Amino acid sequence: MAEETLLVGRGLTKRYGGVTALEGVDFELRAGEILGLVGPNGAGKTTLVDLISGAQAATAGELVLRGSKLTGPASRRARAGLARTFQYPQLALELSVRDNLLLGWAARRHASLWQMIVGAAAGALRPRVPADEAAVRTLAEELGIEGLDRAAGDLTLGEQRLVEVGRALGQDPLVLLLDEPFAGSDARGVTGIAEVIHTVQRRGHAVILVDHNVDLVARLVDRVMLLDRGRAVFDGGPRECLASPQMQSVYFGSDADTDTDSGDGSPEAQAEVEDVRS
Amino acid sequence: GTGDDADSPTDGSAKGAPIIIGMDEDSTGPGASYSTIAGKTIRLAVQDINDKGGVLGRPLRLVIENDESDPTKVPAVLQKLHSQGAKALFLQSGSAAVMQAKSTLTQLGLPAIAPTGVTATLVEPPDNELIYMLANTTTDWAEVYCGAFKAANINTLGILTDDTTTIAALNKALLGGMSCVKVTATEKGAANASDLSAQVARLKDANPDAVLVTSVGGAFEVLAQNTLAAQLKGKLRFSLASIGNQPSSWKLANPGALEGLIFMGSINHENPRTKALTELLKKANGPDYEVTAYDAEGWDAVQLLKLAIEKAGGPDDPKKLNEAIQSISGYESSFGQGNFTLSFSATKHLGADGPCGLSLIEFGADNKPKGPWASFQPPCSS
Amino acid sequence: MTDLQLWLSAMEMGCFFGMLALAYHLIYVGAGFFNFAIGPYAMMGGLCTSWLVITYDLGVWPAAAIGVAATIVLAAATELGVVRPVQKRGGGELPALVAVAAVLFAIQQFAGYLFGYPTLPGQSLASFAPVPVGDITVQPSSLLLIVVAVLTFVATAAWVRFSRTGRLLRAVGDSNQAAALLGLPVNRIRLIAFVVAGFVAALAGLLFAPKAGVNSLSGLHWSLSGFLAVVVGGTGSVWAPLLGGMLLGLVEVFLPYYFGGQSHVYGMLLIALLFFAFKPQGLFVRKVRA
Amino acid sequence: MSGHELKVEGLSVRYGQASALSDVTITARGGTVTALVGPNGAGKSSLLLAAYGSVPATGTVYLDGTDITRLRPVARARAGISIVPQGRQLFPHLDVADNLRVMAELLRLPGSAVDDALDRFPILRKRVRSLAGVLSGGEQQMLVVSRALMSSPKVLLLDEMMTGLAPLIVQELARSVTSLAREGVAVLLAEPALGVLRRVVDRGYVLVRGEVVAQVDDGGSALDEAYSTAIGIEQPKDLRPAGR
Amino acid sequence: MTTTISRPTVSSDRWDPRRIPGGGGLALGVAAAALILAWVGSDGYRQTLVISAATYALIALGMYVPYLMAGSLSMAYSAYAGIGGYAVGLISARTGLPLVVAWIAGPIVAALVAVVLGVVTRRLSGFFLAAVTLLFGMAFTAFLIDAESVSGGSGGLGSLRPLNLLGWTPSHYHVVVGSAVVVCVIAFLLDRLRLSPWGVVVRTMRDAPRAVEAAGVRVPVLNIVALALGAMIAAVGGGLFTYAAGSITPDTFTLNIVFLAIFMPLIGGAGTPWGAVAGAVIAVELTLNFPAVQTSGTLLLAVGVLVIMLVAPKGVVGYADKLRTRLWALLRKERDRG
Ligand SMILES: Nc1ncnc2c1ncn2[C@@H]1O[C@H](COP(=O)(O)OP(=O)(O)OP(=O)(O)O)[C@@H](O)[C@H]1O
Ligand SMILES: Nc1ncnc2c1ncn2[C@@H]1O[C@H](COP(=O)(O)OP(=O)(O)OP(=O)(O)O)[C@@H](O)[C@H]1O
Ligand SMILES: [Mg+2]
Ligand SMILES: [Mg+2]
């Protein structure tokens, strides 16, 4: 399924004063591909997501999306086809869950200055867009989000994360960046998010998935990149990655294999990976 | 802020249906500190008239509203006074508010007096058919200052001014009329400034023969005088009328900071009517009361209105009343020199006849007015 | 030497604005919002003192003590009677802001009723003779203002940085939610923030009043000046308000000096625009991830 | 075994009109690790917060048999209850050391407690002067965990403690938690999915819509099974993404 | 977590009893306006009160989008209202154009000024924006005084021509009714705008600008659009006041009106634009029509604001809504029982 190269990053580097969060990271993402991004805490995963999405300016490096350079503020990159979630959910807490989900669609309608101006007039005249609302309902159902009229601030963190994923999908992205979407999700949420990932993939688009739940990551992705202290130390298939010495030393710890039933990189988990990806 | 005034004058001995006069007063806003000085005397004058039998045998009744010097409130406040039956108005508020009032007066057709107004623009078009002022305006002041400058051999002048609209209008008229000196520096400070040393330093650099402070008074004026006294020692200083009319501000000055300052006074204790008024006010407000031009103007405004109502044969026809005001001539005022008079006409909405409503007064070492400036006084021809 | 006079003026203004900004800063640190009633607090400190001295012939020191105490009571009442109950009712930070703006006007108007509308002369706590420096004389009140301002900043900085209460103050203002969740004494700390801010503001008003007098409506203008100073300084350090105040003082004095008095309003706008173009979040910022 | 014990009895929590927890009774004993599992919004956090005293609740909370319902959170913390709350409950503009110091001072711990807490994770020691708000998500979580363990508590309330932490750290922490439990600390974990923690859990409760629907006393796997049965969805371990 | 227990739910369906978005608000607003107009009758004073309330309401409505929806507090509204006012004054005094043109030109100029100011301050948010726009408002007043050839200087502009709409000259009463209609229409449209996708984006911008940016909308640009829209509405208000009062001076619209506009939506209820309208009516009642002896209107307003915020934290509209809900619940219970 993987053919066209969608997104390429070269030499991505980010420094904060003395702290180097990311150092010369290269990656390539093909259409229909799901790339897992793992690594110890502070390895630079969120920083990489921030650099790609434009939330932070890179100290060095460049990004190319479908052959053209990806630059400028986050909004421009979003219009070019990126969507993301945040490690700590960024919802409008006073708005309803429905409105938060609608943002993905609504933002698409107000991308340019002209659309913003016309959109204001159109909004006053015709406030409801039934098609969008129907889409939101379907999406919510798919994700298992209930109570669309609740204020987002009343949701628990796990539920908020789910809403974020839904909102990002609403943008119909070419590349969906998910920063620890499974953190705090229950079984229903995990299924929903996995479904979102597959939806993107089915559209021939790509996903970068950051999560510490290696078990889940390994089952969902086509390829894993391992970051350590800002550098990419491994890039390959999930099975190879789990088995790699780098993974053992920087991520699981040397004694990882003594913990049998862990599901993280254990033979059992690896077997399941095979199972899922076939 | 609205409602009848609790300390409104009573009807006194006068009988009959009261004649209602409205007053738009700023009693709690930024203009309150000076607006209320004349406001108090207006109440006193009304009481005095009522005690003496009223106007055409009918008592005057004041209805008072507070606009807090907010121009957006003025139309409603004037309308309210009108709806309470006011036949004529006193406008005793900040000048931005009075300026805004002009068009509403035209809409209502009510004549009005701005007793303490000094800005000529108030009675200039547009919408000036119904509004009147008593005191000499800045045009006369220019003449007087020029005489003074000639007498003191002053050729260059530095100006220190505040940034209010009132003063902007005043400066325009005043400086336009003073071709006798060369203004070498004009420095502006915020009306609520806390420091004027930069402005004064620039004046010092320009080194004019004298400095004129033009401000609405209050803290700005005193701060200006304090700073001038400290940084420009010995320079001859002039000021407008407000410093003389706001006795409470004298205490703000540093010891001796006002000494030698010459301001445009209007109170002349040789004027017998001023004397009588002084007595009355001291009786009402205590022996230490400092009579100011605001008091006298407020007092005269009420007397003028009384006169006009009598001439018009009653208050009910606003057109007639307006014409009656315009027919007043030679009214002997309680400020200015002994022979100073006020007259009005269709084209003359400024009462003052000639400059002898004015006199230049000098401050003494005790930061209080010492008396007329020895070097020059406006000539009184009439 | 005129320049010396100008520097002195700038220092005085800077110290005054700095202290007002410090009062803002303390409440910002402890309660997480800008209390626009700071100006009226300062006005209260100055006006109440002057009024007591003038109307009741009270000595300056006891009058000042009463003035400062009254201000502190006012500040505490703002928190207990207005901000806390309003915030308890929810709705984000806006309601509390609007409520303190209403408090600002209410205090000004009450002060007008109580103390009258005319400007009253400030009372100087220092009674020594003016000090000649070069060819200018420094008024005792100016000297006192500058000295007290510096002392106040040193003391506050030490308190906020190193003391237990200071640390709690920073924590509570930083994340009210985390503080409440962990059981930090949020209410007590916020009250302390208001009280100390009230004290600093009262001191500022009291010490600055001799310069140009004080009236019931001084508060709004002072609130705005202090607000500008705290915004210019930024919220990242206790010293930021002093720096912001000094910068504002310099601008207010030297801008009119070099570019003429007429330019002061436009100049302020221009300088603000230029300044914020380069430092959109003030001088001191401590950015964290969202 | 002379372990500590936390017991909540008939606990109910409401947010405005909505009921988050109704009449829940559970016990966590020293020597064992007790888990509280349930889907998102089941009321797990509400229960832990109510036990710690920072959300208003009705019902009774006992610590080692003493009724502590009337104590405020600080008093409960001083009495030995410690919490790792869900989400980033730290002070982003305070540096790492001050974040710990605030809590140490509140609980009147000796100065060395802060030092020890910094040593629990090397990264904290390394970033001791950094603002907590610039740390990565996992680093922040380490800080929160350190803060909770600083006071040598009798009861540990751990709300999704492993969120955002890398496996290496998770294993380390799992070991610490187990050994603390063995030392007599009553550990209560709340998780929407047990995952790796399955191994450390001795007993637990399944919470659904604010009510306890199952109690399991024979280990994590059994608890997971009970959880799956209760909500009718397989746990993520056996996830089979649809559509491929 | 005690502090976050109750958050206001801005439910998008609250004002939607008959499936017309914003219809409920409109129905109530029009009913109230009709009542007020009936009360006014031919009383000149009351008519002026309505004009004042409409002016205040329009300025507050102008602030609604940027301030309550987008969360940017611009304090330059005195200038925007002033521009609307001066448009009326200048077109009347300096041109032969029909006066209606002023209500097109004024809002456009105000919007342009807002855009320029917005571009210059685009990197600022929150209080930094408030500080700079505050200075702008002050500089604008100074400009009006200085630019005498344009603005008529400190004396301002007066003696306005009457409005002439295709040969029909509306009476003062017509203007009063017209102003009420304009307010209702704008409030209704803003209410719908609030519910629309555009409103969703703008409202999200307030709490989660990073999310909006990440969704593809340039936050500073949309902010400028919101500010421009607000400036236009405020300019309409300024024009209305100037026409009704017959003159405008540099001091007509000052910081006072800005503070008033900050207060009004909150006492009325920030959940809907109608709150701003209700707030304007309350403000006029408190500052102009309150039968108290010698009181400062400012004090009454300030105390009124405090009382309302303590008693009805969601403003009078929110309070009325709560009462309505209670009442209906009560009625339903009665009915079920009976
Ligand atoms: N603004 C900043 N200032 C200083 N250091 C920073 C800043 N932002 C991030 N860092 C540091 O950069 C490193 C990388 O952070 P990043 O958030 O990318 O890690 P991560 O891989 O996402 O970790 P986690 O799995 O814990 O979320 C961390 O050590 C972090 O402390
Ligand atoms: N501050 C709040 N205001 C209103 N409702 C709330 C609040 N906090 C939680 N709730 C609601 O209470 C219920 C229980 O929330 P709680 O946080 O206890 O769930 P949880 O089991 O911890 O879920 P999660 O696994 O997602 O963290 C949820 O329905 C939630 O929406
Ligand atoms: Mg991360
Ligand atoms: Mg939870």
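Charged neighbours of residue E:224, selected by a Cβ distance under 10 Å, balance to +2 (K, R count +1; D, E count -1). By definition, a body whose alpha carbon gyration tensor gives a ≥ b ≥ c is oblate when a/c is 1.5 or more and a/b is not larger than b/c, and chain C fits this oblate description.
Residues whose amide H comes within less than 5 Å of that of residue A:33, counting only those at least five positions distant or on another chain, are A:207 (H built at 1.01 Å from N in the peptide plane). Per residue, the stretch D:88-152 exposes 35 Å² of solvent-accessible protein surface, assessed with a 1.4 angstrom probe and all protein chains in place. Of all DSSP-defined beta bridges confined to the protein assembly as shown, some 45% are antiparallel rather than parallel.
Summed over both chains, the accessible area lost when C and B associate is about 2400 Å², using a 1.4 Å probe.
Residues considered: C:29, C:86, C:147. Largest GNM mean-square fluctuation over chain C, using C-alpha springs under 10 Å, is found at C:147.
Taking each residue in B:27-37, count the Cβ atoms of any other chain within 10 Å of its Cβ, then average. What number comes out?
So the per-residue partner count for this stretch is 5.
Please list the non-local residues whose amide H lies under 5 Å from the amide H of residue B:186, H modeled 1.01 Å from N, same-chain partners needing a gap of 5 or more. Sorted by chain and number, the residues that satisfy this are B:159.
In Å², nearest 100, what accessible area do chains E and B bury in total when the solvent probe is 1.4 Å? Counting protein atoms only, the buried area is about 2900 Å². Net charge dipole, the stretch D:88-152: roughly 100 debye, given to the nearest 20, about the Cα centre with Cβ charges of +1 for Lys and Arg and -1 for Asp and Glu.
Gyration tensor analysis over the Cα atoms of the stretch D:88-152 returns equivalent ellipsoid semi-axes of 17, 12, 10 Å (largest first, whole Å). Across peptide D:13-21, the average count of Cβ atoms from other chains found within 10 Å of a residue's Cβ is 2. Pull out a ≥ b ≥ c, the square roots of the eigenvalues of the alpha-carbon gyration tensor of chain E, then state rounded if a/c is under 1.5, prolate if not and a/b is larger than b/c, and oblate in the remaining case. Oblate. In terms of overall dimensions, chain A has a Cα radius of gyration and Dmax of 19.1, 65 angstrom.
Add -39500 (n - 2.57) for each DSSP H run of 4 or more in chain B, then divide by its residues: what number comes out at 222 nm, to the nearest 500 deg cm²/dmol?
Calculated at 222 nm, the ellipticity per residue is -12000 deg cm²/dmol.
Computed over the alpha carbons of the protein assembly as shown, Rg followed by Dmax gives 36.5, 119 Å.
Accessible surface for the stretch E:124-212, divided over its residues, is 34 Å² per residue with a 1.4 Å probe. Computed from backbone phi with θ = phi - 60° and the Karplus coefficients 6.51, -1.76 and 1.60, the 3J(HN,Hα) list for the stretch E:134-141 is 4, 5, 4, x, 5, 5, 5, 4 Hz; x is used for glycine and proline. Computed from the Cα positions only, the extents of the stretch B:148-296 along the three principal axes stand at 49, 32, 30 Å, in decreasing order.
For chain D, the share of DSSP beta bridges that are antiparallel, to the nearest 5, is 55%. Over all pairs of different C-alpha atoms in the stretch C:116-162, the reciprocal of the mean inverse distance, the Kirkwood hydrodynamic radius, equals 13.0 Å.
Computed over the alpha-carbon atoms, chain B gives an Rg to Rh ratio of 0.97, Rh here being the Kirkwood radius from the mean inverse distance. Run the accessible area of the protein assembly as shown with a 1.4 Å probe and give the carbon-and-sulfur part as a rounded percent. It is 59 percent, rounded to a whole number.
Annotation for the E:A interface, with buried accessible surface near 3500 Å², both sides summed [1.4 Å probe; non-protein components not counted]. Averaged over the residues of peptide E:257-269, the number of Cβ atoms from other protein chains lying within 10 Å of each residue's Cβ is 3. The order of the peptides C:15-22, E:49-56 by mean Cβ neighbours within 10 Å, most packed first, is C:15-22, E:49-56. How about the stretch B:187-213: which of its residues lose at least 20 Å² of accessible area in the presence of all protein chains relative to their chain isolated, using a 1.4 Å probe? At a threshold of 20 Å² (probe 1.4 Å), the residues of the stretch B:187-213 that become less exposed are B:188, B:192, B:194, B:195, B:197, B:198, B:199, B:201, B:202, B:204, B:205.
At a probe radius of 1.4 angstrom, the accessible area of the stretch B:171-287 per residue rounds to 36 square angstrom. Rolled with a 1.4 Å probe across the full set of protein chains, the surface gives residue A:46 an accessible area near 20 Å².
Using a simple spin-label model with pseudo-atoms 7 Å out from Cα toward Cβ, residue C:270 and residue B:375 lie 3.7 nm apart.
Amide hydrogen proximity for residue D:158: with H placed 1.01 Å from N in the peptide plane, the residues at 5 or more positions away or on another chain lying under 5 Å are D:84, D:188, D:189, D:190. Whole-Hz Karplus values for the stretch B:37-53 come out as 4, 5, x, 5, 5, 4, 4, 5, 5, 4, 4, 4, 5, 4, 5, 9, x Hz, taken residue by residue from phi with 6.51 cos²θ - 1.76 cosθ + 1.60 and θ = phi - 60°; glycine and proline positions read x.
Once you sort the root eigenvalues of the Cα gyration tensor of the stretch B:1-158 as a ≥ b ≥ c, which label holds: rounded (a/c under 1.5), prolate (a/b larger than b/c) or oblate (the other case)? Cα axes put the stretch B:1-158 in the prolate bin. For the set B:380, E:184, the ranking by accessible area, highest first and with no ligand, DNA or RNA atoms included, is B:380, E:184 under a 1.4 Å probe. Our coupling estimate for the stretch A:230-243, obtained by passing each phi through the Karplus curve with A = 6.51, B = -1.76, C = 1.60 and θ = phi - 60°, is x, 10, 7, 10, 7, 8, x, x, x, 5, 4, 4, 4, 8 Hz, Gly and Pro reported as x.
The values are calculated or read from the model by the stated rules, or taken from the named source; none is laboratory data. Treat the numbers as computed from the prediction; the structure is a model and nothing was measured. For neighbour counting, all protein chains shown are included, and Cβ atoms are generated from backbone atoms with ideal geometry for every residue, glycine included. These accessible areas exclude ligands, DNA and RNA; they are computed on the full protein's heavy atoms, side chains included. Shrake-Rupley method; radii C 1.70, N 1.55, O 1.52, S 1.80 Å.
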